[in-house]
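Asks: One structure coming up, written as structure tokens, with questions to follow.
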Amino acid sequence: MSNPITVQVNGKAVSVSPGTIVAAAVAINGTSGFRKSVLGKFRGPLCGMGICMECRVTINGQKHCRSCQILCEPGMEIRTDE
Amino acid sequence: MTQSYDIIVVGAGIVGAACAMECARGGLRTLVLDRGTVGGGTTAAGMGHLVVMDDSEAQFALTSFSRKLWREMRPQLPREVEFDATGTLWVAADDEEMAEVARKQKFYEERGVGVEVLNAQAVAKAEPNLRPGLAGGLRVPDDGVVYPPCGAQYFLEQAEKAGAELRTRVSVKTLLPEGGVELADGSRISAGRSVSATGPWSPELTPGLPVRKRKGHLVITERDPGFVHHQIVELGYLKSAHSAGKESVAFNIQPRITGQMLIGSSRQFDVETSAVDQHILNRMLQRAFAYLPGLKRLSAIRVWTGHRAATPDQLPLIGPSLVSEKIWLATGHEGLGITTSLGTGRLLADMLLGRQSEIDAAPFSPARFAKEVLAHE
Amino acid sequence: MSDAHFQFDVVVVGAGPAGIAAACAAAEFSDRVAAVDDTPWLGGQIWRGEQARPKQSPAQQWLEKFRKCGATVLDRTSVIAAPEAGLLLAEHADGPREIRWQKLILATGARELFLPFPGWTLPNVIGPGGLQALVKNGWPISGKRVVICGTGPLLLAVANGLRSYGAKIVSINEQASWGALAGFGFGLLKHPAKLFQGAGIGMGIFGVPFRCGTWAVKAEGDEAVRSVTLTNGSKTWTEECDVLACGFNLAPNVELPVAVGCDLQRGFVRVDLMQATTVKNVFCAGEPTGIGGADCALTEGQIAGYAANEQSPRAEELFAERDKWHAFREALAQTYALRPELKKLATDETLLCRCEDVTLGRVRQFSGWREAKLLTRCGMGSCQGRVCGAAAKIVLGWGAESVRPPVLPARVGSLITTENQR
């Protein structure tokens, strides 16, 4: 991997290559549930292109970020609903 | 003429729905007609704030009576109505507004409404996301919030349980002076009386009625539970509601039980369209940011508008019209339609059934505008 | 001009094939052209990951041309409202952006159409195009078992693409019948380039079952999908999988065009021969005008770019090419028409609105979209009715209503314009 980036997913360090989206980092971490629905069920990405809103996670404290449209940056703190 | 009812309620918004419920429960053969669907007019743009107001004795009487009826109904309300006892927090930015807080406290306590004065520290503790430096506020713990379209739907279900009939997507063209209505397709339905609960469109059915459209904007956010806990209203809200000027904004935010924030409020006269007016949205949000700076970072899902039904004295019209003893009115609720829907329905049914009312209905009599209506003719 | 205020002669919204072609064409005649896109990459959804690949594909050639054409790129910029003629309000990580335009070209592309069926909300049930997009940006698929189903030429293209990333394709299941596809195959003879593409894909999926007239009836699993049950109308069977890629072709992103005031025709943006919409100085190209694929989008984009600069002869040169792709577009729509069984997959307990968790059973009680929305909050969630609204159109036959700003969710702070600070 050329110059891997390290991000945190739910407190765990995950190493990814540049150009990796946040959604992929979550999946690489082994997490399939990104957010909890209104009735408490886990959801993951559906559309992969920023319109379904199912892939939302919290990035550096900002809620409701569409992880399929955001590139990983070094030191990013990513949190899914747990 | 087809069929015959005791009363036809025109308008299935929250006010019409409450009227229908009370009439049907009172034993009147009730028909409800709406050109659209339930709660699709002004009700769909209502903030759903259940609030006691002290603007005038009459307004206080109607809002506190109505709030009591809402609270009594609370155990039966289905989940979809989203009744949440958030309380209201009136915030004071400076000493002048704190003096207003003191005045309100006296007014409410004299009339048995529980309130609590908060100083600067207490307000900051009650709502940590408010900007520092506010002077204090007044908490009204028994106020609450609901989701208005489902409120209307629930009242209509109760009306139907008591024998009322509902027909949606039926347009009424005329309220007949001899009783009943004429529909857009030319057919007629007879009734002892009709009542117009058509909000900002009521002058279309009753020309000359002193009801004006007053446009408002709303913004709803994604879920961020705990961002605010009360319905927070700036004390300047009353200046906005009262102003006869064309445009005004006032800070108003509501936490919905879903965790979403509902942000308002704005007032414009003489703007018919439902399009979002960017300059008003700018003003409204800048005002909100001045109280809640963190609001900027919340995610907004939708901006929409609605029209309130405004009367010259900020009080609704409840009772027989000046046109005919068979044409009644339940309209003109401006920004208090959700709260006062239940009080309106009860008062209307009392009058129709010859029952004693719990509060004085005279201040809401359409006859008080006799001069204005005659001038129109 | 501050950082947050921009002014261009031609603004193109969307940097997919249509937008890139439009910007290139417009830039031949104007040096004040901007391409606005809400993602960090160029190429839209269909050309995702192309920049990373070495071979000289048509996509790569167009991206090269675009990089050299002189257009300004405003990336990570999400257009959220059209407050007045000539002005777009957009959101960027740094704050709101106001973009003034003389001519506007909308190339907002399309998204996949999803239909509800039991289990469709489980994690790892993803649209085929969406999955491909995720994988191109690092989603781990190597060694994972993938069942692909739904409809559209994307199914085969995605199968091929995923295999090159190490996915184990279990099966590919197209709901259209063999007869429909065979007809399309003959139609492809009119479109030689596409046929070559098809043949290439055919060889690439050797050994993997490719079934027509087959569709998924339910997905099962607990934390994520574990298996999918498929049927061909007579037989029903279950296949295990780690990922279920299921999507039913594309739905146009017409929200911004509607917000700008463009008229729609049968669900697509109405345009004339010059790709002009019903709003003065506003053009539209690509999928929002009809689902035609990348080649159609490239042609329409160029026409729009020339037309925006009043270069009618240059635009007219491309009319014959466009006609060819429009015939292909027609064939696409006919071939991949949705079978009626797909409308009945969801039960009353199946969720229709994923954002607000509203079941189909609850929504069905009402007589129209607006009524259902108001009384169940279906369509009032974060996706602003994009997923459930498109599904309701198919399953319930309901039309959606007008678009309200913001066109996509945006920070409250991005909703305001600072009109006095120009």
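Please treat every number below as a calculation from the coordinates, not as lab data. Nothing here was measured: the structure is a model prediction, and the numbers come from that model. Because the Cβ atoms are built from the backbone with ideal geometry, glycine has one as well, and the counts that use them run over all protein chains shown.
Asks: Under Stokes-Einstein, with the Kirkwood radius over Cα pairs standing in for Rh, what whole-number D in µm²/s applies to region A:1-45 at 37 °C and 0.692 mPa s?
Replies: This corresponds to a translational diffusion coefficient of 288 µm²/s.
Asks: From the C-alpha coordinates alone, can you work out the Kirkwood hydrodynamic radius of the protein assembly as shown, in Å?
Replies: 29.3
Asks: Using bins 5 angstrom wide from zero, how does P(r) for region B:243-296 break down, in % of all Cα pairs?
Replies: 4, 18, 25, 23, 16, 10, 3, 0
Asks: If you line up the long axis of helix B:148-161 against the longest principal axis of chain B, both from Cα atoms, how many degrees apart are they, to the nearest 10?
Replies: Compared with the principal axis, the helix lies near 40 degrees.
Asks: Can you order the peptides A:20-26, C:373-379, C:143-149 by their average number of other Cβ atoms within 10 Å per residue, highest first?
Replies: Peptide ranking by packing, descending: A:20-26, C:373-379, C:143-149.
Asks: Quick one: Kirkwood hydrodynamic radius for region C:341-422, alpha-carbon pairs, angstrom, one decimal?
Replies: Over region C:341-422, the inverse of the mean reciprocal pair distance is 13.9 Å.
Asks: Can you sort B:95, B:34 from fewest to most other Cβ atoms within 10 Å of each residue's own Cβ?
Replies: B:95, B:34
Asks: Dimensions of region B:142-300 along principal axes (Cα, Å, largest first)?
Replies: Principal axes ranked by extent give 57, 38, 28 Å for the Cα atoms.
Asks: What average number of partner chain Cβ atoms lie no more than 10 Å from the Cβ of the residues making up B:245-255? Don't skip to the answer; put the middle values down first.
Replies: Numbers: counts 0, 0, 0, 0, 0, 0, 0, 0, 0, 0, 0.
Mean inter-chain Cβ contacts per residue within 10 Å come to 0.
Asks: Per DSSP H run of at least 4 residues, take -39500 (n - 2.57); add these up for chain C, divide by its residues and hand me the 222 nm value, nearest 500 deg cm²/dmol.
Replies: -9000 deg cm²/dmol
Asks: With angles folded into 0 to 90 degrees, how steeply does helix C:17-27 sit against the dominant principal axis of chain C? Use alpha carbons for both and round to 10.
Replies: So the helix axis and the longest Cα principal axis differ by about 10 degrees.
Asks: Just to be sure I understand the curve: with the Debye formula and one point per C-alpha of region C:296-375, what is log10 I(q)/I(0) at q = 0.22 Å⁻¹?
Replies: Log10 I(q)/I(0), no solvent term: -0.95.
Asks: Give me a single rounded figure for C:371-378: the average over its residues of other chain Cβ atoms within 10 Å of their Cβ.
Replies: That works out to 6 on average.
Asks: Report the rotationally averaged projected area of chain C based on its alpha-carbon convex hull, in square nanometres.
Replies: On the way: hull surface 81.1 nm².
Dividing the Cα hull surface by four gives the mean projection, 20.3 nm².
Asks: Still on this structure, please answer the following. Relative to the compact globular guide of 2.2 N^0.38 Å, what is the alpha carbon radius of gyration of chain B, as a ratio?
Replies: On the way: Rg = 20.3 Å, N = 377, 2.2 N^0.38 = 21.0 Å.
Relative to the rule-of-thumb radius for its length, chain B sits at 0.97.
Asks: Distance cut-off 22 Å, Cα to Cα: go down the list A:41/A:63; A:41/C:218; B:213/C:280; A:36/C:136; C:144/C:343 and report the pairs above it.
Replies: Over 22 Å apart, Cα to Cα: B:213/C:280; A:36/C:136; C:144/C:343.
Asks: While we're here: Between region B:295-311 and region B:100-159, what is the separation of their alpha carbon centroids in Å?
Replies: 20
Asks: Counting other Cβ atoms within 10 Å, which trypsin sites (Lys or Arg not before Pro) in region C:217-254 have at most 11 and lie in a DSSP loop? Let's see the in-between values first.
Replies: Numbers: sites: C:218, C:226, C:235; in loops: C:235.
Here the trypsin sites (Lys or Arg not before Pro) that fit, given the DSSP loop and packing criteria, are C:235.
Asks: I've got another one for you. Any chance you could give the angle, 0 to 90 degrees and rounded to 10, that helix C:386-395 forms with the longest Cα principal axis of chain C?
Replies: Result, in degrees: 50.
Asks: In sequence order, what are the phi-derived ³J(HN,Hα) couplings for region B:205-217 according to the Karplus relation 6.51 cos²θ - 1.76 cosθ + 1.60 with θ = phi - 60°, rounded to whole Hz, with x for glycine and proline?
Replies: Residue by residue, region B:205-217 yields 8, 10, x, x, 5, x, 10, 10, 6, 10, 6, x, 10 Hz.
Asks: Next question, about the same structure. Would you mind putting C:339-345, C:97-103, C:40-46, C:130-136 in packing order, based on average other-beta-carbon counts within 10 Å, highest first?
Replies: The densest-packed peptide leads the list: C:130-136, C:40-46, C:97-103, C:339-345.
Asks: Can you list which of the trypsin sites (Lys or Arg not before Pro) found in region B:148-242 are DSSP loop residues with at most 12 other C-beta atoms within 10 Å?
Replies: For trypsin sites (Lys or Arg not before Pro) across region B:148-242 that sit outside H, G, I, E and B with at most 12 neighbouring Cβ atoms in 10 Å, the list reads B:169.
Asks: Over the alpha-carbon set of region A:5-79, divide Rg by the Kirkwood Rh and report the Rg/Rh ratio to two decimals.
Replies: Checking Rg against Rh, the ratio lands at 0.94.
Asks: Let me ask something else. Going by average Cβ neighbours within 10 Å, how do the peptides B:55-66, B:114-125 rank, with the highest at the top? Spell out each step's value before the answer.
Replies: Numbers: B:55-66: 19.5, B:114-125: 15.7.
Put in order of decreasing packing, that is B:55-66, B:114-125.
Asks: For chain B, what does the helix formula give at 222 nm: sum of -39500 (n - 2.57) over DSSP H segments with n ≥ 4, over the residue count, nearest 500 deg cm²/dmol?
Replies: -9500 deg cm²/dmol
Asks: Need one value for C:82-92: mean number of C-beta atoms belonging to other chains within 10 Å of its residues' C-beta atoms. Walk me through the numbers on the way to the answer.
Replies: Details: counts 1, 7, 2, 0, 0, 1, 0, 1, 0, 1, 0.
Whole-number average of other-chain Cβ neighbours for C:82-92 is 1.
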